[in-house]
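Every read-out reported here was derived from the displayed coordinates using simple, explicitly stated rules and does not represent laboratory data. Everything quoted here is computed from the prediction, not taken from an experiment. Cβ placement follows ideal geometry from the backbone for every residue including glycine, while neighbour counts extend to all protein chains displayed.
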Amino acid sequence: MLGEYPIEGRGAAEIAASIESAVGAGTLEPGQLLPPMRELAVRLGVNPNTVAAAYRTLRERGVIETAGRRGSRIRPKPATTGREKVRVDVPSGVRDLSDGNPDPALLPPLAPTLAAVAEEADREPVLYGDDPVEPELARVTRAELDADGVPEGPLAVLSGALDAVERVLAAHLKPGDAVAVEDPGWGRTLDLVSALGLRTTPVGVDDEGPRPEALRTALRSGARALIVTDRAQNPTGASVSAPRARALRAVLREHPQTLLVEDDHGHGIVDLPLHPLAGVTHHWAFVRSAAKAYGPDLRHAVLTGDPVTVDRVRGRQRLGPGWVSLLLQRTVVRLRASGAVDGPAVAAAYRARRELLIDALAERGVRAHGRSGMNVWVPVPDETGAVARLLHAGWAVSPGARFRLDAPPGIRITVSTLAPAEVAPLADAIASAVGPTPMRSYV
C-alpha cells in the first residue's frame, strides 16, 4: 500500500489490477492524479518500464488518461466504474421514473410459448454443429429488413444490442481508435467504447438524430467508426428523419472507410419509420434487438452487415459462447407469429405518455424532447439540484451525467409506466425544480 495511493504489485498486471480495483471500490476517484511513473516505480521497488506497461494497459482499458507532462489521472468517467454508478438511490415511497425499463404490462407472457418451444426441443434437441441461426427467424427478419430498406447482408444472432455492438467494434478497431458517438447518448455504449480502449468523439444530436456538421467534424478529426441510434434514442428520444438520413449519408460518403454501426433497439415500440444509413461505407452493421418489445431477459438481437463484418463476428462468437440459445430464438419467432405484441398499440401507448408529459411541461414553460421511445429528456441549468429537488418532491429521475460527454446538463424521465393522473403533479414538480427553460436545442 502506498500512503495516499492504494497501489501495490510487483508486475505490470498486478499494478494495473490494483489500480483498477481501487477505482472500482471508489478509493481512487475520477479525476484523481496518479503518481509519476518513476516515483511509483521507486515506491514499489520495480523497474519504471513495469509501471509504464501497467499505465499503458489501463489507458487501453479506458481507466486512466495521460496528458504528457501533466501526468496520468483516473478518467472522469472510467470504464471500471461505469455510468451506472451515476444514478439516484430511490427511497421507499418515491416514484421511480429513472430506470429506463419498458412497461411490464406491455410485454407478452412467456410461459406458454417457452413451454411449447421446450417440448419441441425435447423431441429434437439442439446439438453442437447445428445452424446457429433459426431458419424461420432468418426468413422473417430478412423480410422485415428488406421492407425497411436495410441492405442485403448475412445474419447473426447475438445476446442483445450491446453484445452485437461490442463484437462489431472489436472486429475492426484497435485500442486508441476514436469512435463517433451520440452526445447525449446511451451511457452503457459510452462505457463500452471506453472499456474496449477506444476513444469517444462526441457528436451532438437534436430531435432528428446526429447533426451532420458535428459528424463531419468528428470524422475529419479522425474518428474511425460511428454508432448511431436510428429510433427511440436513449436518452433524448431522437429519431433519424428522412432528410437527416440523406444528410448523414452524404457525410459518410465523404468517409467511406468509416465503420457504421446502427442500433434499432426501438423496433416494435415506435411508430416512426426507419431511415437506415447503411450502404454508403465499406463496413457496416445493423442491430435490431427484441428487448424493449419482448423483454430484456430474452437477450436477443439480430445483426446484419457487410460479409466481412458479419463473418468476423460469427467467427469470434464460435470461439466463445458458440451461439445464442435456439430455444430463445424460437421463442421470439413464435411470439412474433402469434401477435403476442401489438406493435402499433405499444408504440401508441408510449407516444401518448410522452406527449402528455411534454405538453404539460410546455404549458409550464419547460422545454422537453421525446419524438420516440419511452424516455423524455429535459434540459436543465443545474442537473444535480434538479435531481435532488425532484427526489425531495417524491420523483426519482435519471441524472443526465449518465449520458453526456460535452452536451449541456439535462435529466431523463422514463415515462413507460407513467399514468395520466401522474402527469400534472410531475410536470408541476419539474417546473418547480428547474424553472422555465429556453426554447432551444439540447446540443
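Please find, in a Gaussian network model of the chain (springs between Cα atoms separated by less than 10 Å), the residue of Val117, Val240, Val168 whose mean-square fluctuation is greatest.
Val117
Springs between alpha-carbon pairs under 10 angstrom, Gaussian network model over the chain: which of Gly410, Gly322, Gly187 fluctuates most?
Gly322
For the range 6-24 and the range 349-412, what is the separation of their Cα centres, given in Å?
Their Cα centres are 39 Å away from one another.
I'd like the FRET efficiency for Asp311 and Asp428, computed as 1/(1 + (r/R0)^6) with the beta carbon distance as r and R0 of 41 Å, rounded to 0.05.
E(calc), rounded to 0.05, equals 0.15.
Picking from Gly93, Gly62, Gly204, which is most flexible by a Gaussian network model of the chain using Cα springs under 10 Å?
Gly93
Suppose we keep just the DSSP beta bridges with both residues in the range 166-245; what percent of those would be antiparallel, to 5?
20
Name the helices (complete DSSP H segments) of the chain with a Cα length along the long axis of 27 Å or more and a Kyte-Doolittle mean of at least -1.0, or state none.
Within the chain the helices that satisfy the rule are 343-363.
Restricting to the chain, what percent of DSSP beta bridges are antiparallel, rounded to 5?
Rounded to the nearest five, the antiparallel share is 55 percent.
Can you give the FRET efficiency to the nearest 0.05 for Arg38 and Ala250, using r as the Cβ-Cβ distance and R₀ = 60 Å?
Given R0 = 60 Å and the Cβ-Cβ separation, E is 0.75.
At Glu124 and His392, where each label point lies 7 Å from the Cα along Cα→Cβ, what is the point-to-point distance in nanometres?
With each label placed 7 Å out from Cα toward Cβ, I get 6.4 nm.
For the pair Asp99 and Thr27, what calculated FRET efficiency results from E = 1/(1 + (r/R0)^6), where r is the Cβ-Cβ distance and R0 = 25 Å, to the nearest 0.05?
With R0 = 25 Å, the Cβ-Cβ based efficiency is 0.35.
With only Lys, Arg, Asp and Glu charged, each at its Cβ (+1 for the first two, -1 for the last two), find how big the charge dipole of the chain is about the Cα centre; round to the nearest 20 debye.
Using only the charged Cβ atoms, the result is roughly 1400 debye.
For every helix of n ≥ 4 consecutive DSSP H residues, a contribution of -39,500 (n - 2.57) applies; sum these over the chain, divide by its total residues, and give [θ] at 222 nm rounded to the nearest 500 deg cm²/dmol.
Value at 222 nm, helices only: -12500 deg cm²/dmol.
Find the relative contact order for the chain and round it to a whole percent, using C-alpha pairs within less than 8 Å whose residues are 6+ positions apart.
For the chain, the relative contact order is 18 percent.
What is the extension gain from Ala170 to Asp146, computed as 0.36 nm multiplied by their sequence separation minus the C-alpha to C-alpha distance, in nm to one decimal?
6.0 nm
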